[in-house]
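A short worksheet on the structure shown next.
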Amino acid sequence: MNKLIVNTFIEKKINNGIQLLDGHDFKDLSIDNQLVEVFSKTQHFLGMAYLSKQNKGIGWFLSHQKITLDETYFKVLFDKAKKERSYYFQSDLTTAFRVFNQDGDNFGGLTVDLYDDYAVFSWYNLFVYQIREQIVAAFKEIFPEIKGAYEKIRFKGIDYQSAHLYGQEAPETFTILENGVSYQVFLNKGLMTGIFLDQHEVREALISHLSSGKKILNLFSYTAAFSVAASMGGAVETTSVDLANRSKEMSIAHFKANHFELVNHRFIVMDVFDFFKYAKRHQLTYDVVIIDPPSFAKNKKKVFSVAKDYHQLISQSLPLLNEQGLIIASTNAANLSLTQFKKELEKGFGAQKHSYETLYQLPSDFKINKNDERSNYLKVFTIKVNK
Ligand code: SAH
């Protein structure tokens, strides 16, 4: 087995509980896609890691002990992860959640989500993909109740993104429950599934106290899950805006799954920045504006990045807000710290009076590595705007 000698800077990071290995910390690394023993400059054994290039990082530190990545190893990890989600397993009202989350569950590069009776595995690099047989065998032992599974490829170099992995095939679309609300999902179309499970708590807040009697604008709405939750919470009207054509049909399906009449719900296929102009022209106003853009997006006209452009979403939402309106500002950008995000928001508010109410972060099924801020990527502020 190859040895990876690390300098004192990296040694310190590892000892501080960081598991994700940064590419820029390792220059001229000639090995890839393998388990390695990690040693300090002074030949002190630090533990074991695996190297494999992925979207962010070049590998993951795994353990301070010597380990073998066999079925037993993963059984222990899955068993622990399952026990830690007993709250979700006991709930009849929520049937979709994450059961394994990367470094939060001590194995970076892998996530597993449950959608009712089915599991979705995401492989974030080639190394995890190559050892998926052991991983799946262990998973089946610990989760015998799961009828079938799908896989998502979240790294470059494999010629498919989504496939059936084992067991029964799920229906092409089916409904799951979250806090008693039905959402329509699909497990084998690209990387997305119709719902972003990490927003459990924001949808819950929309149902319990943010929406009653309110007119809601949901920007970057995808399948309009926030609008459905808001309607369940008593919103009098929702408007969902997304650029993608397919979003409209999926949004309507979500509303129908919950037996809502569609009269008070609008689905607009439009660029959000064009919608701002449209809304201004038609003097449309709202009590709550939900802003949840992708971290990075490119379309014909321009490039949008949360880190540079979020402030525009705030400043352009302000004219559409009623008195005492609420902005729900969300981002899943891991490269933006909470402080940096707040700075972006402040830039958008300018001189406009406002007050921060609540910060929602990842729910407990998305277990984070407390020692690595990057694993705690979700940031959602509710902000009262005092016009
Ligand atoms: N808020 C959603 C998830 C958003 S995913 C939820 O809770 O489920 C990001 C969405 O933004 C995608 O559906 C994509 O089509 C849309 N999008 C990206 N750029 C856009 C733009 N400029 N205007 C409108 N929608 C955009």
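Structure notes:
- From the list ASN299, ASN322, the one residue that fits, being within 28 Å of LYS56 (Cα to Cα) and over 21 Å from the mean Cα position of the chain (by Cα), is ASN299.
- Residue that is farthest from TYR286 (Cα to Cα) [pool: residues in the range 340-366 that are among the small types (Gly, Ala, Ser) and open to solvent by 40 Å² or more (accessible area, probe 1.4 Å)]: SER364
- Meets criteria (touching a strand residue (DSSP E or B) at 6+ places or on another chain (Cβ under 8 Å), modelled with pLDDT of 95 or more and farther than 24 Å from LYS214 by Cα) for PHE341: yes
- Residue count for the range 146-175 under the criterion of being under 23 Å from GLY194 (Cα atoms) and either open to solvent by 70 Å² or more (accessible area, probe 1.4 Å) or assigned by TED's automatic domain parsing to the domain that holds SER251 (or both): the result is 8.
- Selection status of LYS308, within 30 Å of GLY57 (Cα to Cα), outside any loop (DSSP other than H, G, I, E, B) and at pLDDT below 95: yes
- Test for LEU46: is it at pLDDT 95 or above, within 25 Å of the chain's Cα centre (by Cα) and open to solvent by less than 30 Å² (accessible area, probe 1.4 Å): no
- Yes/no for THR285 being of a type in the set (Val, Ile, Thr), more than 25 Å from ALA229 (Cα to Cα) and out of contact with any Phe, Trp or Tyr (no Cβ under 6 Å at 6 or more places or on another chain): no
- Hits in the range 315-339 - residues which are of a type in the set (Gly, Ala, Ser), part of a strand (DSSP E or B) and either without any contact (Cβ under 8 Å) to a residue 60 or more places away in the chain or surrounded by fewer than 15 Cβ atoms within 10 Å (Cβ to Cβ) (or both): ALA329
- Scanning the range 278-305 for residues being within 27 Å of LYS387 (Cβ to Cβ) and not in a loop (DSSP other than H, G, I, E, B) gives a total of 11.
- In summary, SER295 fulfils each of the numbered conditions (1) open to solvent by 20 Å² or more (accessible area, probe 1.4 Å); (2) near the ligand (Cβ under 10 Å from one of its atoms); (3) over 24 Å from LEU191 (Cβ atoms) with the single exception of condition (3).
- Of the residues contained in the range 206-214, none is found to be more than 16 Å from the ligand (Cβ to nearest atom), closer than 24 Å to PHE366 by Cα and in contact with a Phe, Trp or Tyr (Cβ under 8 Å, 6 or more places away or on another chain).
- Scanning the range 9-39 for residues that are among the β-branched types (Val, Ile, Thr) and at positive phi yields a total of 0.
- Scanning the range 106-136 for residues that are open to solvent by 10 Å² or more (accessible area, probe 1.4 Å), under 19 Å from SER52 (Cα atoms) and free of Cβ contacts under 8 Å to residues at least 40 places away in the same chain gives TYR129, ARG132, GLU133.
- Residues that are in contact with a strand residue (DSSP E or B) (Cβ under 8 Å, 6 or more places away or on another chain), open to solvent by 20 Å² or more (accessible area, probe 1.4 Å) and of a type in the set (Lys, Arg) do not occur anywhere in the range 15-37.
- Filter pass, LYS189 being surrounded by fewer than 20 Cβ atoms within 10 Å (Cβ to Cβ) and either within 12 Å of the ligand (Cβ to nearest atom) or more than 14 Å from the chain's Cα centre (by Cα) (or both): yes
- Among the residues of the range 367-381, some residue qualifies, meaning at least one is exposed (fewer than 15 other Cβ atoms within 10 Å of the Cβ), out of contact with any His (no Cβ under 6 Å at 6 or more places or on another chain), in a loop (DSSP other than H, G, I, E, B) and outside the structural domain of ASN101 (by TED's automatic domain parsing).
- Residue match in the range 264-277 (condition: out of contact with any Cys (no Cβ under 6 Å at 6 or more places or on another chain), more than 9 Å from the ligand (Cβ to nearest atom), open to solvent by 50 Å² or more (accessible area, probe 1.4 Å) and not in a loop (DSSP other than H, G, I, E, B)): yes
- Selected residue (criterion: farthest from ARG374 (Cα to Cα)) from residues of the range 1-51 that are in contact with a Phe, Trp or Tyr (Cβ under 7 Å, 6 or more places away or on another chain) and of a type in the set (Gly, Ala, Ser): GLY47
The values are calculated or read from the model by the stated rules, or taken from the named source; none is laboratory data. It should be emphasised that the depicted structure is a prediction, and the values quoted were computed from it without experimental measurement. No Cβ is skipped: glycine too gets one built from the backbone with ideal geometry, and neighbour counts run over all protein chains shown. The protein model used for the area step is the full one, side chains on, heavy atoms only, and it has no ligands, DNA or RNA in it. Shrake-Rupley method; radii C 1.70, N 1.55, O 1.52, S 1.80 Å.
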